[in-house]
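Take a look at the structure below.
The values are calculated or read from the model by the stated rules, or taken from the named source; none is laboratory data. Everything numeric in this text was worked out from a predicted model, so none of it was measured. When we count neighbours, we look across all protein chains shown, and the Cβ atoms used for this are built from the backbone with ideal geometry, even at glycine.
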């Protein structure tokens, strides 16, 4: 099936979960990534069970801290 990841069309197997996509995409520091699917944030405790669908748009977001 075709999904969009960070603005790029990708082909993944039907039934791919968010957790599997994080591995496929070699996301650095996956424990700190926030994932949105079709503009809605996915809770990290559901990454293993949230199955992606044809046409989904996925974004990986990292929130950085810093400053004084």
Practice prompt. Within region 37-47, count every residue that is touching a strand residue (DSSP E or B) at 6+ places or on another chain (Cβ under 6 Å) and part of a loop (DSSP other than H, G, I, E, B).
Written response: 1
Discussion item. Can you pull out every residue in region 25-46 that is free of Cβ contacts under 8 Å to residues at least 24 places away in the same chain and closer than 16 Å to residue 57 by Cβ?
Written reply: 37, 38, 39, 40, 41
Item to complete: Please go through region 52-68 and pick out each residue that is surrounded by fewer than 12 Cβ atoms within 10 Å (Cβ to Cβ) and at pLDDT 95 or above.
Response: 54, 55
Discussion item. Just to verify a result, which residue in region 23-36, among those that are touching a strand residue (DSSP E or B) at 6+ places or on another chain (Cβ under 7 Å) and closer than 21 Å to residue 1 by Cα, is surrounded by the fewest Cβ atoms within 10 Å (Cβ to Cβ)?
Written reply: 36
Item to complete: Scan region 10-22 for residues that are part of a loop (DSSP other than H, G, I, E, B), surrounded by 10 or more Cβ atoms within 10 Å (Cβ to Cβ) and touching a helix residue (DSSP H, G or I) at 6+ places or on another chain (Cβ under 9 Å) and report the count.
Response: 2
